[in-house]
Amino acid sequence: MNERDSEQVAYSLIARGYERVENELEADVVLLNTCSVRDMADQKAIGKMGMLGRVAKERPEVVFGFLGCMAQARGASLLKNLPHVDLIVGTQKFHRVADYVDDALTQKRNRAMDDPRFSIVDVEEERGSQSTINDQQLAPRQASAFVSIMQGCNMHCTFCIVPQTRGAERSRSINEILAEVRALVSHGVKEVTLLGQIVNLYGRHEFPKIDNKSPFAQLLDAVHEVPGLQRLRFTSPHPIGFREDLIAAYRRLPKLVDHLHLPVQSGSNTILKAMHRTYTAEKYVDLIRRVREARPGISITTDIIVGFPGETADDYKQTRDLVNKVQFDNAFIFRYSPRRDTPAAEMAEQIDESIKEARNHDLLEVVDASAIRINQPLIGQTLEVLCEGPSKTNPSRLMGRTRTNKIVLFQGGEELIGELVDVRIERATGFSLYGTPVHSSVATIAA
Ligand code: SF4
């Protein structure tokens, strides 16, 4: 979601004639779009801005700003130790950033050196802000794009700061979203990912159910019909509100990809309750069973927190058992990290870091084993891969994703970027697949 918000801000600046530069030292405007979900992310952003203070001394005309969740949560207090910061813009104000940057540059140019500092802080709520994330600057041959369909979350999981930084649930209309998807597809985009904090609860406050279909199921149906769109993804859903109409979408919508990322967080009902995740481990497992029945071969990934306050060895074992039972294609495992201003941070029985570390390490091994078990049989198969571009780790090879969201690395020419390519898989690890495009004379790559 932050990536999508950053794209929106970049678009709005480019539309006014600003240009991207490769290096912050060459920039006249440096904006850090911040994440607050873990304390480490906050610290990283503050550390980075602190380092940029040196540039501010050498080039006082440069505009510096914090955007996004940390700006929202900390507001003007960020100015105290970082006096060179000019802009602090919250999560409902991304569409105002270009105006604020213009103002800040003008102020700086016109200001005498002995003027008091000026800064713009805007972290207010704004009605309709969910509909302002609707433009992006596409790269040449861009295959895949994010589409923000809603903002905010009403769930209040006890470990999470998002409802405070992103506000209450607010959704865009189906027509607005369709217009954006059509525009993306007309520019060559083949895959869209619908984004929301709890994407399956899209529109529940604004739009009615029709024929027993939730607004989200209606949206999937509508986006699916956009001519030229090849793949439809969404992230992230919540087990709550994941009903039969959404499961049925996997039966009736072939463009809906063979992948579901469904955060479970814990396999212990005691911990789920303490997290304020209002489902049980049994319900989660049954939900996955029904999704797999509706779409055989679908890949399932998840998020898990280990070391939540009060997590006993037995609670952890229940998480481990669930992971073994479900056999995830992959999982993001997080050590619980206290966030200030969240209920879990105040809970007694915080878990020792060494225990969190051991559980994290152990669970990673379980997840890796199932990922490898699932990926090995793919060797020898030919899979449809949407080529996104050069691999970030080794730009001499291309990277793409299967319909099951697995990363595939292969060699090929630039003409494959943005295209659906059949790739014969020759090697598999838990994280990546390696192969060769079919009907291509390129050599097999070494991993
Ligand atoms: S569902 Fe829970 S974890 Fe997800 S954004 Fe909302 S409060 Fe945070």
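Overview of results
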read-out: Hits in segment 258-314 (condition: in a strand (DSSP E or B), more than 16 Å from the ligand (Cβ to nearest atom) and in contact (Cβ under 8 Å) with a residue 60 or more places away in the chain); value: His259, Ser299
read-out: Any pair with Cβ under 7 angstrom, 6 or more apart, that starts in segment 357-368 at a residue that is under 16 Å from Ser337 (Cα atoms) and ends at one that is surrounded by 17 or more Cβ atoms within 10 Å (Cβ to Cβ) and among the aromatic types (Phe, Trp, Tyr); value: Arg359/Tyr316
read-out: Selection status of Ile149, among the hydrophobic types (A, V, I, L, M, F, W, C) and either without any contact (Cβ under 8 Å) to a residue 60 or more places away in the chain or more than 16 Å from the ligand (Cβ to nearest atom) (or both); value: no
read-out: Residues (of a type in the set (Phe, Trp, Tyr) and either within 30 Å of Ser236 (Cβ to Cβ) or modelled with pLDDT under 90 (or both)) located in segment 1-54; value: Tyr11
read-out: Among (1) among the aromatic types (Phe, Trp, Tyr); (2) more than 16 Å from the ligand (Cβ to nearest atom); (3) touching a Ser or Thr at 6+ places or on another chain (Cβ under 7 Å) - the single one Tyr100 does not satisfy; value: (3)
read-out: Arg335 being within 21 Å of the chain's Cα centre (by Cα), of a type in the set (D, E, K, R) and closer than 21 Å to Gln43 by Cα; value: yes
read-out: His238 vs. criteria within 28 Å of Arg401 (Cβ to Cβ) and more than 16 Å from the ligand (Cβ to nearest atom); value: no
read-out: Those residues of segment 198-218 which are among the hydrophobic types (A, V, I, L, M, F, W, C), closer than 19 Å to Val291 by Cα and more than 16 Å from the ligand (Cβ to nearest atom), in sequence order; value: Ala217
read-out: Neighbours by Cβ (under 8 Å, 6+ apart or cross-chain): first from segment 407-418, closer than 14 Å to Glu384 by Cβ; second surrounded by 20 or more Cβ atoms within 10 Å (Cβ to Cβ) and of a type in the set (Phe, Trp, Tyr); value: Val408/Tyr434; Phe410/Tyr434
read-out: Answer from Leu194, Leu178, Leu184 - the residue that is in a helix (DSSP H, G or I), crowded, with 20+ Cβ neighbours inside 10 Å and either within 16 Å of the ligand (Cβ to nearest atom) or not acidic (Asp, Glu) (or both); value: Leu184
read-out: Residue match in segment 154-165 (condition: more than 16 Å from the ligand (Cβ to nearest atom) and of a type in the set (A, V, I, L, M)); value: no
read-out: Residue in segment 62-81 that is among the hydroxyl-bearing types (Ser, Thr, Tyr) and either in contact with an Asp or Glu (Cβ under 9 Å, 6 or more places away or on another chain) or under 30 Å from Arg403 (Cα atoms) (or both) present; value: no
read-out: Search result, residues across segment 159-174 that are among the charged types (D, E, K, R) and assigned to a loop (DSSP other than H, G, I, E, B); value: Glu169, Arg172
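The values are calculated or read from the model by the stated rules, or taken from the named source; none is laboratory data. Please read these numbers as outputs of a predicted model, since none were measured by experiment. Ideal geometry is used to build each Cβ from the backbone, glycine not excepted, and the neighbour counts take in all protein chains shown.
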